[in-house]
Amino acid sequence: PEVTAEVLAHLERLALVDFRDAEGVERLQKAIQFADHLREVNTDGVEPMDSVLEDRCLYLREDDVTEGNCTKELLKNAREKVEEYFVAPPGNIPLPKLDEQETSLQGS
C-alpha cells in the first residue's frame, strides 16, 4: 500500500518516529502489510480479552538485585543514545540536549 506524506506526518507526530528516510518508510510499509494479514483472521464469536493471562493467577516473587552499576557497559550496545538513555526504537526523533532544553525554557 502507498503511504501519503500526510499520513507519514501524522504518524511521526503520534509515534515520535522519523520516517523521512527510505528505511523508515520501508519499515512502516512492512508493518502495514503485516497488519493487513491480521485482518484476514476470522474472529467471529471470539470475545475480547483484557489480558492474555486473564484466567491465571500471577504470583509475586522477591526481586533480588544480583548486579548493578553497569550503565556504561550497557550503553555500549545502543545504536543511538541521548545523554545516558537509549533512543528506541532506532530512528526516533531525538530529544534536545539538557542544556538546549533549559535555553528554550528560559526563552518562553
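FYI, it's all coordinate maths here, none of it is from the lab. Keep in mind that what you see is a predicted model, and the values were worked out from it rather than measured. Positions of Cβ are generated from backbone atoms using ideal geometry, with glycine treated the same way; all protein chains shown enter the neighbour counts.
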What the 5 Å binned alpha carbon P(r) of region 1-41 shows, as percent of pairs per bin from 0, is 5, 23, 30, 24, 12, 6, 1
When the charge dipole of region 1-41 is computed with +1 on Lys and Arg Cβ and -1 on Asp and Glu Cβ about the Cα centre, the Cα farthest towards its positive end, among ALA31, VAL41, VAL7, belongs to VAL41
Listed by chain and number, the residues whose amide H is under 5 Å from that of LYS81, excluding neighbours fewer than 5 places away on the same chain and using placed H, are VAL87
